[in-house]
Amino acid sequence: GVIFGVTGGVMEAALRTANYLLTGQNMELETNLFSDVRGYNGLREATVKIADLELKIAVIDGIINAKEVLEDVKKGTSKYDYIEIMNCIGGCIGGGGQPKINVSKEDLIRKNRIKGLYNRDDKVKVRFAHENPDIIKVYKDYLINPLSEISEELLHTTYIDRSKSNNYLEK
């Protein structure tokens, strides 16, 4: 979870665990498969091979950069298997909850925060979600396993299409 605050961090963590689930082994992180989607551009894409699957992934900074990708998804023509969109530039580390800074230094500070999270990820003992002892304990003691009825109820959400109504309280 160290890199969750960076655009692409959630995707990277999920694919690290997907690799383990499909191959039974942790991926070598030193040969970073995700270097093409790390960075600071509005739209970054890569193809990542996990087991026998080639996954086309997209990482998007800022909702303005998501419009074309979302239109393709809506039309059913998207070329991506996995898309992560962070509204705040750089991810949550660039969001409204961060300390207020001099506007002329925003990009530099965001880039340093991104670098700091990746540096921290390189040094932490647990770098794979499926090895996190706290998460293992929560599942063992309470949630049973991923996608169990209780984990679905507590950890997943549903979508209600409200686009056809001007009154959001109707449903």
Mind listing whichever residues of segment 113-128 are open to solvent by less than 80 Å² (accessible area, probe 1.4 Å) and either at positive phi or not basic (K, R) (or both)?
-> I114, G116, L117, Y118, N119, D121, V124, V126, F128
Matching entry among N26, N41 (being touching a residue at least 60 places away in the same chain (Cβ under 8 Å) and not in a helix (DSSP H, G or I)) | N26
Inside segment 40-53, can you point out the residues that are open to solvent by 60 Å² or more (accessible area, probe 1.4 Å) and within 18 Å of the chain's Cα centre (by Cα)?
-> N41, L43, E45, T47, K49
Verdict on V69 being more than 26 Å from V126 (Cα to Cα), β-branched (V, I, T) and open to solvent by less than 70 Å² (accessible area, probe 1.4 Å) | yes
Are any of the residues in segment 129-147 surrounded by 11 or more Cβ atoms within 10 Å (Cβ to Cβ), among the hydrophobic types (A, V, I, L, M, F, W, C) and within 16 Å of F4 (Cβ to Cβ)?
-> yes
When I63 is run through (1) open to solvent by less than 90 Å² (accessible area, probe 1.4 Å); (2) touching a residue at least 24 places away in the same chain (Cβ under 8 Å), the failure sits at (1)
In this structure, does E12 turn out to be surrounded by fewer than 16 Cβ atoms within 10 Å (Cβ to Cβ), in contact with a helix residue (DSSP H, G or I) (Cβ under 9 Å, 6 or more places away or on another chain) and within 19 Å of L117 (Cα to Cα)?
-> no
Among the residues of segment 18-29, is there at least one that is modelled with pLDDT under 90 and open to solvent by less than 50 Å² (accessible area, probe 1.4 Å)?
-> yes
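The values are calculated or read from the model by the stated rules, or taken from the named source; none is laboratory data. What you see is a predicted model, and the numbers here were worked out from it, not measured in a lab. Positions of Cβ are backbone-derived with ideal geometry, glycine not excepted, and every protein chain shown enters the neighbour counts. Please note that ligands, DNA and RNA were not included when accessible areas were found on the heavy atoms of the full protein model with its side chains. Shrake-Rupley method; radii C 1.70, N 1.55, O 1.52, S 1.80 Å.
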